[in-house]
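Contents: one structure, followed by commentary.
A short reminder: the numbers here are calculations on the coordinates, not readings from a lab. Since the model is a prediction, treat every value here as computed from it, not as a measurement. All Cβ positions, glycine included, derive from the backbone under ideal geometry; neighbour counts span all protein chains shown.
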Amino acid sequence: MQIEGLDEKLLPRHVGIIMDGNGRWARKQGKKRVLGHQEGSRVLKKIVKSVFSLKIPFLSLYVFSVDNWKREMEETSFLMKLIGKFYQEEFSDFKKHGIRVIHSGIYDNLPKKVIQILKNIEEETVHNTAGTLNLCLNYGGRLEIVEGIKKLFQDIKTGKVKEEEIDSKFFSNYLFHPEVPDVDLMIRTSGELRLSDFLLWKNAYSEFWFTDTLWPDFNEEELFKALKDYQNRQRRFGDAK
Ligand code: IPE
Ligand code: IPE
Ligand code: MG
């Protein structure tokens, strides 16, 4: 796909999106919050397709955080059903387009059915190479790091790892899906200017792009705008050039 003003050679390798504002979108229309999620899932499907048709290799989506369990049961159980439905509806499309789907997060508290769907979709798409969709569901950035520390601690205890070997590159192998590179471009909708515990480690040098648009109103044009802005950023990684 060719987009005016967008240089295909300068696309980010890894895009992250914090899809925020579903509840406010619904409230603005005088509807229940859950209807915002329903609308949001429609947008999600379209944006996933746009990102991969641009041949961006990695897309991470913040679907549900470990802190989102603080919400009313009505909302969390609706979200779980919606997530299950999303996977089932999109499954064949992912397979058809060679998209690998992975899950970052923990299984605790997730409904059995959702866990089963997650495992199944990961297994069935494991050999796909056209792009990787990293669904961060029941995810927390601090939790990911703490889980990594626990795994590393075990390896130290059994003598598999020596303290001298540990540096940030080495440690990153203990995080969820080490094959997913650092985030290049991080998009957040709805006007909030924060990370909310999303991919803390992999966002170390990412470029941030914020919009006031609520997620259910987000579209391809805005995605392209974010990508164009990204192409004009100067990334230095601490260097002085
Ligand atoms: C993002 O929208 C979706 C999830 C967190 C699952 P919100 O539900 O946070 O919407 P607002 O921020 O309340 O408007
Ligand atoms: C982050 O949004 C989580 C997701 C988009 C899934 P929140 O709406 O939960 O974040 P806060 O509470 O505004 O920081
Ligand atoms: Mg929110």
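For Ile18, all conditions in the list (1) closer than 17 Å to Glu220 by Cα; (2) away from ligand 1 (no atom under 11 Å from the Cβ); (3) in contact with an Asp or Glu (Cβ under 9 Å, 6 or more places away or on another chain) hold save one; what is the number of the exception?
All conditions are met except number (2).
Restricting to segment 6-60, what's the tally of residues that are touching a strand residue (DSSP E or B) at 6+ places or on another chain (Cβ under 9 Å) and within 14 Å of ligand 3 (Cβ to nearest atom)?
4
With respect to Leu200, determine if the residue is aliphatic (A, V, I, L, M), buried (at least 18 other Cβ atoms within 10 Å of the Cβ) and out of contact with any Phe, Trp or Tyr (no Cβ under 8 Å at 6 or more places or on another chain). Spell out how you get there, then give the answer.
Numbers: aliphatic (A, V, I, L, M): yes; buried (at least 18 other Cβ atoms within 10 Å of the Cβ): no; out of contact with any Phe, Trp or Tyr (no Cβ under 8 Å at 6 or more places or on another chain): yes.
No; evaluated as a whole, the condition is false for this residue.
Condition first: of a type in the set (Phe, Trp, Tyr), under 15 Å from the mean Cα position of the chain (by Cα) and either under 11 Å from Leu223 (Cβ atoms) or part of a helix (DSSP H, G or I) (or both). Now tell me which residues in segment 46-71 satisfy that.
Going through segment 46-71, the residues of a type in the set (Phe, Trp, Tyr) turn out to be 52, 58, 62, 64, 69.
Next cut, under 15 Å from the mean Cα position of the chain (by Cα) only: 52, 58, 62, 64.
Selection gives Phe52 alone.
Being within 16 Å of ligand 2 (Cβ to nearest atom), part of a helix (DSSP H, G or I), more than 16 Å from the chain's Cα centre (by Cα) and among the acidic types (Asp, Glu) is the requirement here; does Glu39 meet it?
Details: within 16 Å of ligand 2 (Cβ to nearest atom): yes; part of a helix (DSSP H, G or I): yes; more than 16 Å from the chain's Cα centre (by Cα): yes; among the acidic types (Asp, Glu): yes.
When the stated conditions are applied, Glu39 passes them.
Based on what the data block shows, is Leu223 within 16 Å of the chain's Cα centre (by Cα) and not in a helix (DSSP H, G or I)? Don't jump to the end; show me each part of the working.
Values: within 16 Å of the chain's Cα centre (by Cα): yes; not in a helix (DSSP H, G or I): no.
Answer is no for this residue.
(1) more than 16 Å from ligand 2 (Cβ to nearest atom); (2) touching a residue at least 12 places away in the same chain (Cβ under 8 Å); (3) at negative phi: which one isn't true of Ala240, the others all being true?
(2)
Please count how many residues of segment 153-195 are polar (S, T, N, Q) and in contact with an Asp or Glu (Cβ under 8 Å, 6 or more places away or on another chain). Break it down into steps so the answer makes sense when it comes.
First, pick out the residues of segment 153-195 that are polar (S, T, N, Q): 154, 158, 168, 172-173, 189-190.
Those left that are additionally in contact with an Asp or Glu (Cβ under 8 Å, 6 or more places away or on another chain): 189-190.
Residues meeting the conditions: 2.
Taking only pairs six or more apart or across chains, which ones have beta-carbon atoms under 9 Å, a first residue in segment 128-140 that is under 13 Å from Pro181 (Cα atoms), and a second residue that is within 16 Å of ligand 1 (Cβ to nearest atom) and assigned to a strand (DSSP E or B)?
Pairs that qualify, where the first residue is under 13 Å from Pro181 (Cα atoms) and the partner is within 16 Å of ligand 1 (Cβ to nearest atom) and assigned to a strand (DSSP E or B), are Thr132/Ser60; Leu133/Ser60; Leu133/Leu61; Asn134/Gly16; Asn134/Ser60; Asn134/Leu61; Asn134/His103; Asn134/Ser104.
Among the listed residues Asn109, Asn120, Asn128, Asn138, which satisfies the condition of being more than 24 Å from Met80 (Cβ to Cβ) and polar (S, T, N, Q)? Break it down into steps so the answer makes sense when it comes.
Values: Asn109 fails: more than 24 Å from Met80 (Cβ to Cβ); Asn120 fails: more than 24 Å from Met80 (Cβ to Cβ); Asn138 fails: more than 24 Å from Met80 (Cβ to Cβ).
The match here is Asn128.
Filter segment 12-32 for residues that are assigned to a loop (DSSP other than H, G, I, E, B) and near ligand 2 (Cβ under 9 Å from one of its atoms); which is farthest from Leu199 (Cα to Cα)?
Initially, segment 12-32 is screened for residues assigned to a loop (DSSP other than H, G, I, E, B), giving 12-13, 19-21, 29-32.
Filter once more, so that each one left must be near ligand 2 (Cβ under 9 Å from one of its atoms): 19-21.
On the way: Met19: 14, Asp20: 15, Gly21: 19 Å.
For segment 12-32, the residue satisfying everything is Gly21.
Quick one: Trp69 ticks every box in (1) more than 16 Å from ligand 3 (Cβ to nearest atom); (2) farther than 17 Å from Val43 by Cα bar one, so which box is it?
(1)
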